[in-house]
1. Mind giving me the nanometre distance, one decimal, between the label points for Glu275 and Asp184, set 7 Å out from Cα along Cα→Cβ?
2. Residues with amide H under 5 Å of Ser258's amide H, sequence separation 5 or more or different chain, H placed in the peptide plane at 1.01 Å from N; which?
3. Once phi is turned into θ = phi - 60°, what whole-Hz ³J(HN,Hα) does the Karplus curve with 6.51, -1.76 and 1.60 give for every residue of segment 167-184, x standing for Gly and Pro?
4. Could you pull out every residue, at least 5 positions away or on a different chain, whose amide H is within less than 5 Å of the one on Arg190? Hs are placed 1.01 Å off N in the peptide plane, and Pro or chain starts have none.
5. Can you list residues from other chains, or at least 5 along the same chain, whose modelled amide H is less than 5 Å from the amide H of Arg162?
6. Can you give me the C-alpha center-to-center distance between segment 244-299 and segment 128-200, rounded to a whole angstrom?
7. Arranged by the count of other C-beta atoms within 10 angstrom, fewest first, what order do Ile59, Ile49, Ile93 take?
8. Given an 8 Å cut-off on Cα distances and at least 6 residues of separation, report the relative contact order of segment 221-299 as a percent.
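Values in this text are rule-based calculations from the coordinates and carry no lab data. What you are looking at is a predicted structure, and each value in this text was computed from that prediction instead of being measured. Here the Cβ positions follow ideal geometry from the backbone for every residue, glycine too, while neighbour counts run over all protein chains shown.
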Amino acid sequence: MGKSFTHQNRRTFSLFVLTALILVSLNSLSTAGDGEAEPEPTDRETVFIGQDGAPMVTIPEGKFLMGSYEGPRNQRPEHTIWLDTYLIDQFEITMNRYQKFLDETDHDPPPLWDDGASFEVGDRPAVGMNWSSALTYCKWAGKRLPTEAEWEKAARGTDGRRYPWGHMQPFVDIANYNRGVWVDYAITLRSVTAGIKGMSIRHGLKEGGKSPYGLYHMSGNAAEWVVDWYDRNYYEQSPPRNPTGPESGEKKVLRGGSWEDMPKRLQVTARGSAEPNFPEEANDLTIGFRCAMDPTTSS
């Protein structure tokens, strides 16, 4: 009987251990999905704080693959570009930072700007400004708007991926997209630091929705102005080093897709465009921006 009793105890103990391990794993999965806490920074993430207080990430000089043969003609051909070292904001410009700019400069706010929201949910991306206002903010902060090539390298890295996180299609807890037409700053727009923590556990991604250089929301949330004029055929004659876009045009380039866009518009190679005054004329709340800087400016 003693032998039988010992065998039964071992089976019971093994079952207990297995159950405990399963419960621990499930608990890890559930807590990882919250995605609201600001993630711990990594060594490559930061960096330098701009005059506006926004953290910036250094993108090292070198080559990267720009464009895609899988997209429409304005993304073709794929071509290799060399960029010098530059810095770019880790996050989209937030409402509270843009409100400070408005207060200190008396610059006109976007038509649908919500002063109350800038204090209540000021960690959401500032949206609705035209291209000139975005440029003016960056100059006020001692920065500039990024070029289209700089934006794509910061979002894509050097391995030719489709999205900041890799080739996988987006999903709702890693990118803010396909939200329809109704806008509420607190609900529709996502905090610029949100939606990252725990994604590696749930979906097998090492860095969640961040780009290879640690930038947030390079796909979705707010589409972003860059400095370049738009030309659908520009890639066919783009210079191989530090391209800055056409000398003139009728529209400016938009990158990254927004909270209302479908997944295809979130690809890092997708090129959008709008007239420089578009958001203010159309009362649009999908467009924001982030700034860039040359290393000499930051030293």
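1. 3.3 nm
2. HN-HN under 5 Å from Ser258: Gly220, Ala223.
3. Each residue's phi maps through the Karplus curve to give 8, 5, 4, x, 9, 5, 9, 10, 8, 9, 7, 6, 9, x, 10, 7, 10, 9 Hz.
4. none
5. His167
6. Rounded to whole Å, the Cα centres lie 10 Å apart.
7. Values: Ile59 23, Ile49 11, Ile93 26.
Ranked by crowding around the Cβ, least crowded first: Ile49, Ile59, Ile93.
8. 36 percent
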